[in-house]
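**Student:** Below is the structure I would like to discuss, written out as structure tokens.
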Amino acid sequence: MAVDTSDEIVQDFLVEASEILELLNEQLVDLETSPDDAELLNAVFRGFHTIKGGAGFLGLDNLVEVSHVAEDVFSLLRQGERSVDAALMDVMLQVLDILNRMFEELREGTEPGPADPELVSKLRVLAEGGELEENPAEQPGRSGPEQSPAGEDETGATPAGSGTGEITQDEFEELLDAVAAGPEPETATGGHGGGAGGEAGSSDEITEEEFEELLDQIHGKGGFRPEALPAVEGSPAGEGSVAGAADGGKGSDEITEEEFEALLDQIHGKGGFRPGAVVVEESRLVEQQPAGMERREAAAAPAVKSPAGSSRPAKQKTPRPSQPSGETTVRVETQILDRIMNMVGELVLVRNRLKTIDETLNDEDVSKTVANLDLVTSDLQAAAMKTRMQPIKKVFGRFPRVVRDLARQLNKEIRLEMSGEETDLDKNLVEALADPLVHLVRNAVDHGIESPDEREAAGKPRQGTVRLSAETEGDHILLVIADDGRGMDPDALRRKAVEKGIMDEETAGRLSDLEAYNLIFSAGFSTREEISDVSGRGVGMDVVKTRITQLNGMVEVDSVLGQGTTISIKLPLTLAIMPTLMVVLGQQIFALPLVNVNEIIEFELPQLNVIDGQQVMLVRGKPLPLFYLSNWLVRGVTDTIRERGQVVVVSIGTRQVGLLVDQLIGQEEVVIKPLGALLQGTKGLSGATITGDGRIALILDLPSLIQAYAGRH
């Protein structure tokens, strides 16, 4: 059946569910390491409950079934009737994958198909308190999506602490919900055996012992006075009080709806009880008192002792700061944000043009106006960029699951540490970084971290650590993936490079350790002897390096044998506007990405030397490879030796080279424009922009430029 995804309710549900599933992915892994965290357990329960409620409202029965049974499992966990273990989490993470698949189908406009019956059977076993090894067919049946609300599921009415003769706050709230629902008398008396055991959870009655315990909880042991209850209108004398029911009136252990409402009137005042408030207050109690059920009971007990007409204590909370009326967020399509960003980029170009004109006019009024325009444009640019920013947590959130699953697959013990998750990054960069970071983390788990026995033999803790961090450095972001594993042996990397035919033995011998570490980014390079479904094909790291370079970023590797490896990635915060260094070659202006520029130094001919046919200049006593950019990019220029000039020192990976230019203009923020069809794909060029004087400048892609031309000159 088709689903109208343009419907606003469906869209809201998809957005909310997507956020919940992202959180659940992290929370489930965290819960496995912190099974006693009641607040985390409640958060997971509420997540499945919210998805079930939304799916039920839209009539998505297959979604309801899976999320409802998953909710039942966590209901048992909350009540302490089950404990969190790896086998249970394996099933719950599979459930999460199924839910993600269902929502993908929903986004495509089709009703989600049914879940794997075997997985649902496992869930039902867990929800019934059984073990996965048992035959699911032997477990008690369950009612599925049309079952009663979550508070009345298979967990039953038997108190979690029945051994102590008490009922929990959850069960008290469920009782109030059952009374407010007004069940038919036939439903209240037939069909369930009337026991107080596992089947009582689907009944609307409580036993005499449970009601006595409820009265003791409300009034204190022996504090309840039956004679104080008013008679129920229309009932025979002696039968209108709760005392009559408690003492076995009509020969039954149950009380009627009217009798229980009389009790509520005594507690809250005539008409003072509002069933809808119970559910709200329960959710607040869960959030405010996550440490355990006993604290919620302690908070609830004085509530019913308050005078008639008074509100529950949860409503007597400290006043919150005034909240703005109406909605505080608006959902906007990304295409609109992209268009705004493009228009802001055009405004930046106009500003740059006006600043150039202002320098030639020497008019004070014009200078003030241009200065104000410059300030406003900068603020507008920052605000527009902020609308496109997302916390990198959107990417980081998937790694706990990745590490957990891979560690179990490889029989390793690994702890993932993350920091800087709130660091903001351009939305396009966040999406583009997902795959490279996943591969780097998988690589750290597979290649970096040793097996527990190997670590123990080396004097390390059995549990390895992978660290993932993000921080802002000026207009760039620094990402670090580090592990405390076996590290890399540069000599082994050199030998492997020769063995793979990547370079000859002499060239490999001249590589520094840092250059040897960067061999892992070579196409076809892998230190794994056997190919597995995790690694060994020698294509992953090459793709990572290529992707990072396409994003105008840099990646560096450092390692210490036996101690671990650190991979650092430096990227611009946004791809829309780039800080550049403007230079002149011949009569043409070129822009060098500032992320690659280290320094600018003056060049004089006596500094020039030739080593192995390569021109170099000495910088602080070290040789720096020198290239004449004009020889590569200006038509008709031949190899010439210049007396003096400016050398721009740039970083390409771990290498540094000097680029001799004809003239420096200065630093300028530019808006990147794509190249036309004739220049598209040209090595060494990444885009174009318009300068402040209205001329077109080509933006250089330095890594591909060096790779394409350095070997020819």
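**Student:** Once you list every other residue whose beta carbon is under 12 Å from the beta carbon of V3, what net charge do they have if Lys and Arg are +1 and Asp and Glu are -1?
**Tutor:** Working: positive: R107; negative: D4, D7, E105, E108, E111.
It works out to a net charge of -4.
**Student:** Another question, if that's okay. Could you list, in their original order, any pairs among K386/K570; K460/K500; K427/K545; K427/K673 whose Cα atoms are separated by more than 23 Å?
**Tutor:** K460/K500
**Student:** Leaving ligands and nucleic acids out of the surface, order K496, K368, K673 by accessible area at 1.4 Å, largest first.
**Tutor:** Largest to smallest exposure gives the sequence K368, K673, K496.
**Student:** Right, another one. Note down the accessible area of F521, probe 1.4 Å, to the nearest 10 Å².
**Tutor:** Accessible area of F521: about 10 Å².
**Student:** Sticking with this structure for a sec: Residues in the stretch 672-713, backbone N under 17 Å from the label point at E346 (7 Å along the Cα-to-beta-carbon vector): list them, ranges by number please.
**Tutor:** Counting only backbone N, you get 672-674, 689-691, 694.
**Student:** Based on the mean of other beta carbon atoms within 10 Å per residue, what is the order of 28-41, 378-391, 59-72, most packed first?
**Tutor:** On the way: 28-41: 16.7, 378-391: 14.9, 59-72: 23.2.
Ranked from most to least packed, the peptides come out as 59-72, 28-41, 378-391.
**Student:** Once you charge only the Cβ atoms, +1 for Lys and Arg and -1 for Asp and Glu, what is the size of the charge dipole of the stretch 560-688 about its Cα centre, to the nearest 20 debye?
**Tutor:** Using Cβ point charges on Lys, Arg, Asp and Glu, the stretch 560-688 gives about 300 debye.
**Student:** Just how large is the dipole of the stretch 5-105 about the Cα centre, in debye to the nearest 20, putting +1 at every Lys and Arg Cβ and -1 at every Asp and Glu Cβ?
**Tutor:** 260 debye
**Student:** Can you tell me the accessible area per residue over the stretch 590-701, all protein chains present, probe 1.4 angstrom, in square angstrom?
**Tutor:** Each residue of the stretch 590-701 exposes 52 Å² on average to a 1.4 Å probe.
**Student:** For the stretch 617-713, build the charge dipole from Cβ charges (+1 Lys, Arg; -1 Asp, Glu) around the Cα centre, then report which of L698, L633, L664 sits farthest towards its positive end.
**Tutor:** L633
**Student:** While we're here: Provide the net charge surrounding A457, with neighbours chosen by a C-beta distance below 12 Å and charges set as Lys +1, Arg +1, Asp -1, Glu -1. Can you show the working numbers first?
**Tutor:** Working: positive: R455, K460, R462, R486; negative: E450, D453, E454, E456.
Charge balance in the 12 Å sphere: 0.
**Student:** OK, next. Between the stretch 683-713 and the stretch 575-649, how many Å separate their Cα centres?
**Tutor:** Going from one Cα centre to the other spans 13 Å.
**Student:** May I ask you to give the solvent-accessible area per residue for the stretch 408-521, in square angstrom, as obtained with a 1.4 angstrom probe?
**Tutor:** Details: 5330 Å² over 114 residues.
Roughly 47 Å² per residue, with all protein chains present.
**Student:** With a 1.4 Å probe and every protein chain left in place, tell me how much accessible area T328 has, in Å² to the nearest 10.
**Tutor:** 110 Å²
**Student:** Which order do M341, M488 take when ranked by solvent-accessible area (1.4 Å probe, heavy atoms of all protein chains), largest first?
**Tutor:** Working: M341 10, M488 30 Å².
From most accessible down to least: M488, M341.
**Student:** What's the carbon and sulfur percent of the stretch 602-663's accessible surface, probe 1.4 angstrom, rounded to a whole number?
**Tutor:** The value for the stretch 602-663 is 48 percent carbon and sulfur by accessible area.
**Student:** Would you tell me the accessible area of Y709, worked out with a 1.4 angstrom probe on the heavy atoms of the protein chains, in Å² to the nearest 10?
**Tutor:** Its heavy atoms expose roughly 50 Å² to the probe.
**Student:** Now for a different question. Between E209 and T682, what length comes free when the chain is fully extended (0.36 nm per residue of separation minus the Cα-Cα distance, one decimal in nm)?
**Tutor:** Gain on extension, E209 to T682, equals 161.9 nm.
The values are calculated or read from the model by the stated rules, or taken from the named source; none is laboratory data. Computed from a prediction, not measured in an experiment: that's the story for all the values here. Note: ideal-geometry Cβ built from the backbone for every residue, glycine included; neighbour counts use all protein chains shown. Please note that ligands, DNA and RNA were not included when accessible areas were found on the heavy atoms of the full protein model with its side chains. Shrake-Rupley method; radii C 1.70, N 1.55, O 1.52, S 1.80 Å.
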